[in-house]
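S.K.: Please find one structure pasted underneath; my questions will follow.
The values are calculated or read from the model by the stated rules, or taken from the named source; none is laboratory data. Note that the structure is a prediction, hence the values are computed from the model and not measured. For neighbour counting, all protein chains shown are included, and Cβ atoms are generated from backbone atoms with ideal geometry for every residue, glycine included. For the accessible areas, the whole protein counts, side chains as well, though only heavy atoms, and no ligand, DNA or RNA atoms are used. Shrake-Rupley method; radii C 1.70, N 1.55, O 1.52, S 1.80 Å.
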Amino acid sequence: MVIIKQLLRNLKYTSSALFLFVIATQALADQRTPYRGEAGSFTNDYFGDGHDRWRSGSYQRSYYSERYRIKRTDGSELRVRGEMVTPWTPSRQPGGDIAYSTLLGFGAFAHTNFLGLETRGGGEVLLIGDISGMEFIQRSFHEAFQMDTSFDPSRDDIERVEDRVALRFELETARTIRLGSRAAVRPYMELTFGADQAVTVGTDMILGNIALAEVWTRDVVTGRLLTPQVDQIPGMSLVAGWDARLNDSYVHLPDDQSVDLEEITYRSRVGLQTNIAFANVFVGQAWLSPIFVGQAEHQRVGMLSISFDF
């Protein structure tokens, strides 16, 4: 474990070089389909266990292309995402809490398949704090859905993270083990460094037609598998997963905060993917272990995706 932590600390010095490699390497055009598809994921604590705290809400969307490829890779993914992390009420979370933190991220990732190993690597630029503009979106969302009992980000009595711009990088390697034509198990390992420093190991299970998908990415908050091929593969599927993460730093928990990051965290998730009329819908739940020492309890967040067939 000490060796892994030292590796994470050393990797932050090479993060800028990797970012330039992934983003600025010459893109090569070919005769493949220029646009492969897109995939999105919405998560919210209120639609999980009914609260609105900690990893309160997030949304991310990825767009895939096979025309402009990083050299020796199979395709590229452009991703935009937002996150909101909020404290709980002091009566529910005594002894200190995480600060109010939001981010907006813009990233690019390369996908490749080598000797049966599926690899996804790249980086993103993060706008962290009030400069992200996510507080306005959170407040508007609460007002639109009349969530009067939810967290109010305009409170003056809460600690907030400072505004800053940061880089964050992901390198994931996975292997899809097919169990017939309608089932697959996909163990994986992910290395995160830059604004986040962590090593994650886990596995996902796919039952149903969606197990035939060949391109996968992952929701940052819950770890849920996403594929741009969801509109191309009809039918009902079950997607579940579990992972464990060894943490060295967390973008929403700077060193100057009053609570400490948990050394090891766990995530599990399950959901159903199905066709409803002219839309493809995913509904699920994810269980997230405490992210900081002294967190009163784990949390459960709702997961939702809607993709229209036109």
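S.K.: Search the stretch 123-147 for residues that are at pLDDT 90 or above and pair each with any residue that is surrounded by 17 or more Cβ atoms within 10 Å (Cβ to Cβ) and assigned to a helix (DSSP H, G or I) when their beta-carbon atoms are under 7 Å apart and the residues are at least 6 apart or on different chains.
M.R.: Taking only residues 6 or more apart or on different chains, the pairs are 123/18; 123/19; 123/22.
S.K.: Related question: For residue 231, indicate whether it is of a type in the set (D, E, K, R) and at pLDDT 95 or above.
M.R.: No, not satisfied.
S.K.: If I ask for residues that are touching a helix residue (DSSP H, G or I) at 6+ places or on another chain (Cβ under 7 Å) and modelled with pLDDT of 95 or more, which ones from the stretch 148-167 would you list?
M.R.: Once the filter is applied, which keeps residues that are touching a helix residue (DSSP H, G or I) at 6+ places or on another chain (Cβ under 7 Å) and modelled with pLDDT of 95 or more, the stretch 148-167 yields only 167.
S.K.: If you don't mind, there's one more thing I want to ask. Looking at the stretch 222-233 only, could you name the residues that are of a type in the set (Val, Ile, Thr), part of a loop (DSSP other than H, G, I, E, B) and within 24 Å of residue 65 (Cα to Cα)? Steps first, please.
M.R.: Initial filter on the stretch 222-233 (of a type in the set (Val, Ile, Thr)): 222, 227, 230, 233.
After this cut, where a residue has to be part of a loop (DSSP other than H, G, I, E, B) as well, the list is 222, 227, 233.
Within the stretch 222-233, 227, 233 qualify.
S.K.: Restricting attention to the stretch 83-122, which residues are of a type in the set (Phe, Trp, Tyr), at pLDDT below 95 and farther than 22 Å from residue 186 by Cβ?
M.R.: Correct list: 88, 100.
S.K.: Looking at this structure, is residue 180 modelled with pLDDT under 95 and closer than 30 Å to residue 214 by Cα?
M.R.: yes
S.K.: OK, next. Tell me which of these residue 214 doesn't satisfy, since it passes every other one: (1) farther than 23 Å from residue 121 by Cβ; (2) assigned to a loop (DSSP other than H, G, I, E, B); (3) of a type outside the set (A, V, I, L, M); (4) open to solvent by 50 Å² or more (accessible area, probe 1.4 Å).
M.R.: The failed condition is (1).
S.K.: Still on this structure: Which residue pairs have Cβ atoms under 6 Å apart, sit 6 or more places apart or on different chains, and have a first residue in the stretch 236-259 that is closer than 18 Å to residue 84 by Cβ and a second that is among the hydroxyl-bearing types (Ser, Thr, Tyr)?
M.R.: Hits for this filter: 252/101.
S.K.: Now, a different point. For the structure I just gave you, tell me whether residue 78 is surrounded by fewer than 23 Cβ atoms within 10 Å (Cβ to Cβ), aliphatic (A, V, I, L, M) and in contact (Cβ under 8 Å) with a residue 24 or more places away in the chain.
M.R.: Criteria met by residue 78.
S.K.: Has the stretch 168-175 got at least one residue that is of a type in the set (Phe, Trp, Tyr) and either modelled with pLDDT under 95 or over 14 Å from the mean Cα position of the chain (by Cα) (or both)?
M.R.: Checked against the condition, which is being of a type in the set (Phe, Trp, Tyr) and either modelled with pLDDT under 95 or over 14 Å from the mean Cα position of the chain (by Cα) (or both), the stretch 168-175 yields no hits at all.
S.K.: Okay, next question. Check whether at least one residue in the stretch 21-44 is modelled with pLDDT of 55 or more, of a type outside the set (Ser, Thr, Tyr) and more than 20 Å from the chain's Cα centre (by Cα), and report yes or no.
M.R.: Yes, the stretch 21-44 contains at least one residue that is modelled with pLDDT of 55 or more, of a type outside the set (Ser, Thr, Tyr) and more than 20 Å from the chain's Cα centre (by Cα).
S.K.: Please count how many residues of the stretch 261-310 are part of a loop (DSSP other than H, G, I, E, B) and open to solvent by less than 40 Å² (accessible area, probe 1.4 Å).
M.R.: Residues of the stretch 261-310 that are part of a loop (DSSP other than H, G, I, E, B), as a first pass: 262-263, 277-278, 289-291, 293-298, 309-310.
If we keep only those that are open to solvent by less than 40 Å² (accessible area, probe 1.4 Å) as well, we get 289-291, 295.
Final tally of qualifying residues: 4.
S.K.: Residues being more than 15 Å from residue 132 (Cβ to Cβ) and surrounded by 14 or more Cβ atoms within 10 Å (Cβ to Cβ): count how many of those fall in the stretch 168-181.
M.R.: Within the stretch 168-181, the first condition is being more than 15 Å from residue 132 (Cβ to Cβ), and the residues that meet it are 169-181.
So of that shortlist, the ones also surrounded by 14 or more Cβ atoms within 10 Å (Cβ to Cβ) come out as 169-176.
Looking only at that region, the number is 8.
S.K.: In contact (Cβ under 8 Å) with a residue 12 or more places away in the chain, over 17 Å from residue 214 (Cα atoms), among the β-branched types (Val, Ile, Thr) and open to solvent by 10 Å² or more (accessible area, probe 1.4 Å): is that true of residue 85 in this structure?
M.R.: no
S.K.: Would it be correct to say that residue 244 is among the small types (Gly, Ala, Ser) and either surrounded by fewer than 22 Cβ atoms within 10 Å (Cβ to Cβ) or not in a helix (DSSP H, G or I) (or both)? Talk me through it step by step, then tell me what you get.
M.R.: Values: among the small types (Gly, Ala, Ser): yes; either surrounded by fewer than 22 Cβ atoms within 10 Å (Cβ to Cβ) or not in a helix (DSSP H, G or I) (or both): yes.
Yes, satisfied.
S.K.: Here are some conditions: (1) over 21 Å from residue 112 (Cβ atoms); (2) touching a Gly at 6+ places or on another chain (Cβ under 9 Å); (3) open to solvent by 40 Å² or more (accessible area, probe 1.4 Å). Residue 203 meets all but one. Which one does it not meet?
M.R.: (1)
S.K.: Residue 251 versus (1) surrounded by fewer than 21 Cβ atoms within 10 Å (Cβ to Cβ); (2) out of contact with any helix residue (DSSP H, G or I) (no Cβ under 9 Å at 6 or more places or on another chain): which is the lone unmet condition?
M.R.: The failed condition is (1).
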